[in-house]
Each structure stands twice: as C-alpha cells, then as structure tokens.
Amino acid sequence: MARRSTKTPPPDDFEERILDIDVVDEMQGSFLEYAYSVIYSRALPDARDGMKPVHRRIVYQMNEMGLRPDRGYVKCARVVGEVMGKLHPHGDASIYDALVRMAQPFSMRLPLVDGHGNFGSLGNDDPPAAMRYTECRMADATSLMTESIDENTVDFSPNYDGQEREPVALPAAFPNLLVNGASGIAVGMATNMPPHNLGEVIAAARHLIRHPGADLETLMRYVPGPDLPTGGRIVGLAGIKDAYESGRGTFKIRATVTVENVTARRKGLVVTELPFTVGPEKVIAKIKDLVGAKKLQGIADVKDLTDRVHGLRLVIEIKNGFIPEAVLEQLYKLTPMEESFGINNVALVDGQPLTLGLKELLEVYLDHRFDVVRRRSEFRRGKKSDRLHLVEGLLVALLDIDEVIRLIRSSENSAQAKERLIAHFSLSEVQTQYILDTPLRRLTKFDRIELESERDRLTAEIAELTRILESDAELRKLVSSELAAVAKKFGTDRRTVLLESAGTPVPAESLQVADDPCRVLLSSTGLLARTVTGEPLPEDDGKRAKHDVIVSAVPATARGEVGAVTSAGRLLRLAVIDLPQLPETAAAPNLSGGAQLSEFLSLEADETVVCLTTLDEASPGLALGTLQGVVKRVVPDYPANKDELEVITLKEGDRIVGGAELRTGEEDLVFITSDAQLLRFQAAQVRPQGRPAGGMAGIKLTEGAEVISFTAVDPAADAVVFTAAGSTGALDDSVTTSKLTPFDQYPRKGRATGGVRCQRFLRGEDVLVLAWAGAAPARAAQKNGAPSELPELDPRRDGSGTPPVKPVAALAGPAS
C-alpha cells in the first residue's frame, strides 16, 4: 500500500506503522455496521411501542415542549428544529415527513399529531405545505404513548452527542404497532404492517391476558382482519390468516362503490372509499389512460366531487347500453380501485429484527406493558413511602411540639439542633431536616389532623401498590382494566368491511373458508350482514346503538344462499359469502358494519325487502300477508337454477306487507289493520300452496281499511303488540299516540274474520300509521337507525296510547 504523505514532518521519535487490510474484509465490516445502523436506528419499528426512532423522538420532544392537546398550536418548523437539534442527527426533511404522516387521518388509524394546515391528501395528490406554514400539537391519543414516562417506566439512553437523553421505547398505553401499522425499507429486509381497529386489538390483548395459551383461531375472533383508515373492502381472508400465523401474507383491498343514477339518463359508479394509500387523482389518470388506449369501454366521464363536507366522492358515468356491474369488474381488474397489500410483520425485539405473527406481536407488547406498570408502581410506591416517612416524623414532632421548640432554642446551631432531635425522638436525618425546614404556621392543630389523614391515605395507597407488585394476577388485572379504559375512550367502529370472496364464481376446491354455520341479518335501515357463528346473537347489556333493530334473521352457512322476499312477491337469491361479516366483538345485535341491500339486489323504485328466508325445503314454509288481507303459506320449493322466483300471484294494487319463515308450523299469524283491528289465528289454519298460487283470505277488512302489519309469533314466547295512531293525511311519521300491550291479551279468532280492536283512537286520530307484533323485548328505531324509546306496557288491549318520546319507524324482537 502507498505511504500517505503529510505536510509536516513527523517527530524524531515517531514510529511508522502500516496495517495491511483486505479490502473485502473492510467492505464487509463497514457494510454490516451500516446495515445494522439502518435496521436498528432508522427503518424498523420497535415491537414494544410500534415506533421508529424518528417517530419516537418527535412524540417525546413534543411532550417535553408541552405541546399537549389543550395547548395552542406551534409551527411544525419549531418541532422539527428541536427534534433535529437535540435527538435526531439527520435532515429536517425526514423528520417533517414522519411528522406529517402522524397527522394524516387517512394514513394513521389513530393519528398521533393534531395538525393545523395543509398536511397533504390521500395518495399524496396534493403534497403537504412546507413546515414553516403548518402548525401542530399532540393529539388526544398521543398522551397515552408518553403517559407516566417521568416515573421511571422506561430506560433512557444518551442522544447522538451525549448531551441529552432519550427513551429507548415509550410507555405506550395502547398497541400502537398493530393499531397504526408501519412501513419501512431496511438493508436486506423490510416491514409493511396494516392498521387495525383499536377496540378489536385491545379486546384480543385482554383475552390474551386472561388466557395466555389462547390460539390464533381464538384471537382472530377478536381481530378478524385489518381496519384501514380509508375504509374499503378487504376481499379474501386466507392471506390475512397466513400473516397472523407466520407474519407474512397478502390480501386485496377494493374500493367501496355503489351504482346510482348520476344523471336523468345515465347510471354511474360512485366511489366513496378507495384502497389504502390510493388517491382519486391516481385512479382518474389510470382510467383516462385506459379509455384513450381503448382498453376500457363504457366510461362516459369521470368527476371528482370530493370535498371536506361529504368526503371522498368519485363519480364514474357509464355510457348507455353498458352494464355498470360489468364495467366495475373491469375497473377492479385494470385500475388501482383494487390493490394488493403485502403484510410483512418485521419489527425489533430486544434489538433484533424478527418476523412476528399476531399472537407474538401482542405478547411482546403485553410484556412491555407489564414491565411499564410494574416499574411505575415501584416508582410511585417509593415516592409515597418517602412522603410517608416525612409525615410520620412530623407527627412525632407535633405530639411533643413544646419539647421540639425547647431543644431547638437551646441549641448552639442548626447542626446541634438536628443531632439533639435525632437522639431525643429517634428520628432519621431526613425527617429531622424536614422538621427544621417546616415553618411554625404548619404546626397547628388543624395541620395535625390533615397530616394524620394524609398518613392513613398514603398507607392505604402503599398497601395497594404493594399488593399489585407482589401479585402477578393483580398486575395483569390492572393492565387489562387500563386497556379497557383506553378502548372505551378512543375506540371507534370498524371502517373496513371484510369479505370472504369478491362474489365471482370460484372453484369449491380453492375456497379457503369452511362452510361454517352463520346467521344472515337484515336491519331496519336495510343493512345486510352475517355473523361469525350460527348461534343466535346474544342480547347486550342494555346499551343501544344505531342499526341494532334486526327485522329479519335466518340461519345459513358461509357458502350457502338465502332468499330475500320483496313487497312485489319476488324471492331473490343472496350468496351468503358475499355479505360482510360482523366481528364477534361487535355489540350485539348492532349492524353498523353491514352493507346496504342495494349492493346485492336490484329492486324497483317502490319495491322493498320484507323479510329473509332460508331455501331449505324441509322448513314448514314461508308465511306472507298482503295489503288487501290475503295470507299464504308457500311450499318451500325453490329451483336451484333460478336467481329470481315468484312466491305469490298478487292482485292488481296489492303488495306484501310482511313475511316470516315459520320455524315449527305451530306459530300464530297476526294481521293488524289501519283501522286498529288485530286478528290472531293459528298458522295450521292456512293450507300450504305452490309458488304461483294467490293465497287465501286472511283477515276481513272494513271499507277503506288496509293491512299495515303481518307477523308470525310463537304463542309460547313472551310477546308484545305495538301500535301507533295518527290522522289521515298527516305525514308518515306524524304519530300522535303509541301503545305497547302484552300479546296474550288478544284472543285467537278464526281465519278470515275481523279480529278485535287493538287501540282506541283519541280525538283527531282515525288511523294506525305503524303496528307490530312479536317476541319481547321489542326494539324500536328511527328512520336513520337511531334507537327510539317505547312506551310503558299497557295491559288494556283496546286502550288509548300516550304521546311518543321519539319518533318510531321500525320495530323488531330479539335477533334469534
């Protein structure tokens, strides 16, 4: 090797040493050091708090700057400067990019930065403004990441120049890595993790706390799949299970699209949710390129009607003569409206990059959380013990305050006073110094009472902390309760719908899901969904939520079919596997995660779905009641090669007002008319008929009256009857009075008779506008699905009603 020249000659005693180093060894060693630095210090998140160093430093520094949610915003440039100068020795661009992402609600499921200004748009179509223009502060949830960080809960290490200290991991009161996901490219490895629903992840973590040996199948009942900030629909769940098991897997994300009449003569595809990280500009550009290259036909125009009020709305107009659903399939195939997401759960565990499954990710987080809570409890116990020590010393002095004052006054100096107090009262040096520093005004009788109260409180708190530290069960219980509080405060409904398949024909042998029993549900607002199991939905704890009134529920299997009976007398087939699946953690029987009927069925303008039915030929049949008082029991003969069947021949002007699949054939059929007549008779009185038949007389109607409700009720069950009265010509929801009556107050009558009166009209009332009979407890909802209250039970079958508290648009019994 050539000798290096110097400008100044070496000293006389200088001994020259030349080392021969193989360039391969030098390159290998240097590259490994560089690779480890990239992996550990830049690109991969820590499995404990789910953060890369830059994100952790931003959150920690914002906490140190006091930028809490209740404080004012500050310029992002100020935060970036503080982070770069104190903790992150890299360029300001990388820091600001990380800060921007933490403020984007379409990138993070639970944003950690509250941004003020232009922080970019979905797909980065509109890049964020420069840091000198934007402002930021900590989001509400960010305090959970740094909570109790000053209580010795985590280790600290020196910063890059040794002048500051930074945490090696944040306390992280929620599983940030799973909730917000992560992405990064290191040397020889990468990570790509999707966001999840906070409530679902915490539910799984709490289950794992109670049952450390839980298997993946059980955990996936709580976390069925990712929950992306932009919503959308995940198609195919096999890849998700692979990722949860091995840490690697792939799934497809589809845009949420509905077919609507966008103009008077044209239909269109309205996109309201796009796949994760895909923006509307990217979709529009791709569609225009495909149309220009004549690779996509049927597109008339594309409009981006997105705004801050209504959110994403991309309207794709379809030319006349083209089927919108067929064009949509081509869009899924050729444009970013369907994207693949490759899960690669690589994270740092004890400084080592590992590929982790769902259970491993939860276990690493919980171990970290147990350590944080344990260290926090030890710190708090130490602080309270120190304070108790001082309080006990001061109480000793107060018991003989005259002697304390005498000893102090007779001492030559403070050192002698301290020694004499220690010797006389057997106090520690710390207690004695505290007594000497306490002003005389703190030595009153009232202060003594306060000190005794404080001593008792500190003793109880120390005992509680000791109990937690000495019992692993208590520690786990505390962590679980804290996680539950986080879920209650910050949990939100699922945004992403999980679908087993895209609805296209798939060979049975390649189907990944088992044909397990489930239940198909229809809510009063027209939402369809299926449950995880075939068991009836459990009743909740009394809390009500939107879309929890289930007007029809039928048993099915995941790959089976059910029928939807419409008011026009049609039965339309529904593939169960295409329906969104409700997670097992969903509040029963809330259907917020369902999808609208219009996504699966094409109905006429005045046609509605009255009930769902199984296609089982062994069932007792389907009972139908019409507007003109006709009743029919349909023989369950449904050809498998037809997607649309006629189940009754209706007379002109007639339509079906209600229907129900009979479970035993022993049910009572109930008609309620607009003139407040109720007829109850046994289903056995109605002879089953073939599908083309027109039925038989069900109830005898008076002139001008019509049927407004038809249901089937189990006579052995606890049931009720709801009626709501109004006046002719008033609005549909203009209810004057309503009444709830026990079902057993109404006697059985013969079929084709007039029944008995079920509500007495008051002055100004002459018609029933709403009625229902069914199993208790009854649930009521408004038009938008919001819960509504029912009146108190009135034992009088023909009594008058009471004014309603809230409007009622639909009722149903338990979703069984």
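We did not get these values from a lab; they are worked out from the coordinates using the rules stated. Worth saying up front: this structure is predicted, and the values here are computed from it rather than measured. Here Cβ is always computed from backbone atoms with ideal geometry, including for glycine, and neighbour counts include all displayed protein chains.
A straight Cα-to-Cα reach below 17 Å connects LYS739 with the lysines LYS806, residues fewer than 8 places away in its own chain not being considered. Rounded to the nearest whole Hz, the Karplus-based 3J(HN,Hα) values (6.51 cos²θ - 1.76 cosθ + 1.60, θ = phi - 60°) of region 291-307 follow the sequence 5, x, 8, 6, 9, 9, 10, x, 8, 8, 6, 10, 10, 9, 9, 5, 8, with x at glycine and proline. Converting phi to 3J(HN,Hα) with the Karplus coefficients 6.51, -1.76 and 1.60 and the offset θ = phi - 60°, region 87-96 yields 10, 10, x, 10, x, 5, 5, 5, 5, 5 Hz in sequence order, with x at every glycine or proline.
Taking other C-beta atoms within 10 Å as the exposure proxy, TYR133, TYR332, TYR244 rank TYR133, TYR332, TYR244 from fewest upward. Once the Cβ-Cβ distance of GLU535 and ASP515 is raised to the sixth power relative to R0 = 25 Å, the FRET efficiency obtained is 0.95. Assign one of three labels to region 315-408, namely rounded, prolate or oblate, based on the Cα gyration tensor with a ≥ b ≥ c the square roots of its eigenvalues; rounded applies when a/c is under 1.5, prolate when it is not and a/b is larger than b/c, and oblate otherwise. Prolate is the answer for region 315-408, as a/c is 1.5 or above and a/b outweighs b/c. For region 51-171, the spherically averaged projection of the C-alpha convex hull amounts to 7.1 nm².
Exposure proxy ranking for HIS424, HIS116, based on other Cβ atoms within 10 angstrom of each Cβ and starting from the fewest, stands as HIS424, HIS116. Checking every one of the chymotrypsin sites (Phe, Trp or Tyr not before Pro) in region 723-816 against DSSP loop status and a limit of 11 other Cβ atoms within 10 Å picks out no site at all. Taking amide H as placed 1.01 Å from N in the peptide plane, the amide H of LEU274 sits under 5 Å from that of THR256, each at least 5 places away or on another chain. If you find the alpha carbon centre of region 57-124 and of region 724-775, how far apart are they in angstrom? Here the answer is 61 Å between Cα centres. Straight-distance candidates among the lysines for linking to LYS488, with alpha-carbon spacing under 22 Å and chain neighbours fewer than 8 residues away dropped: LYS477, LYS543, LYS546.
Looking at region 349-395, none of the trypsin sites (Lys or Arg not before Pro) sits in a DSSP loop with at most 11 other Cβ atoms within 10 Å of its own Cβ.
Test of the criteria: in region 107-180, which GluC sites (Glu not before Pro) are in a DSSP loop and have at most 15 other Cβ atoms within 10 angstrom of their Cβ?
Within region 107-180, the qualifying GluC sites (Glu not before Pro) (loop, at most 15 other Cβ atoms within 10 Å) are GLU164.
For region 286-311, the residues whose amide N sits under 19 Å from a probe point set 7 Å from the Cα of ASP126 along the beta carbon direction are 303-311.
The gain in end-to-end length when the ASN413 to LYS783 segment is fully stretched comes to 124.8 nm, 0.36 nm per residue minus the alpha carbon separation. Is region 513-812 rounded, prolate or oblate when judged by the Cα gyration tensor, a ≥ b ≥ c being the square roots of its eigenvalues, rounded requiring a/c under 1.5 and prolate requiring a/b larger than b/c? Here region 513-812 falls in the oblate category.
Label zone (THR492, point 7 Å along Cα-to-C-beta; backbone nitrogen cut-off 15 Å) within region 122-145: 122, 139-142.
Within a straight-line Cα-Cα reach of under 24 Å, LYS86 can be paired with the following lysines, leaving aside sequence neighbours fewer than 8 residues apart in one chain: LYS52, LYS75.
Per residue of the chain, what 222 nm ellipticity follows from adding -39500 (n - 2.57) for every DSSP H run with n ≥ 4, rounded to the nearest 500? Before the final figure, lay out the partial values.
Numbers: 17 runs with 231 residues, N = 816.
Roughly -9000 deg cm²/dmol at 222 nm, from the helical runs in the chain.
For the pair region 232-311 and region 441-472, the centres of their Cα atoms are 61 angstrom apart. Please compare each pair in LYS288/LYS319; LYS252/LYS333; LYS252/LYS642 to a cut-off of 20 Å on the Cα-Cα distance and tell me which ones are over it. Pairs exceeding 20 Å: LYS252/LYS642. Under 5 Å from the amide H of GLY754 lie the amide H atoms of LYS700, each residue being 5 or more positions distant or on a separate chain, with H modelled from the backbone and absent for Pro and chain starts.
Classify the chain as rounded, prolate or oblate from the Cα gyration tensor: take a ≥ b ≥ c as the square roots of its eigenvalues, call it rounded if a/c is under 1.5, otherwise prolate when a/b beats b/c and oblate if not. Verdict is oblate for the chain.
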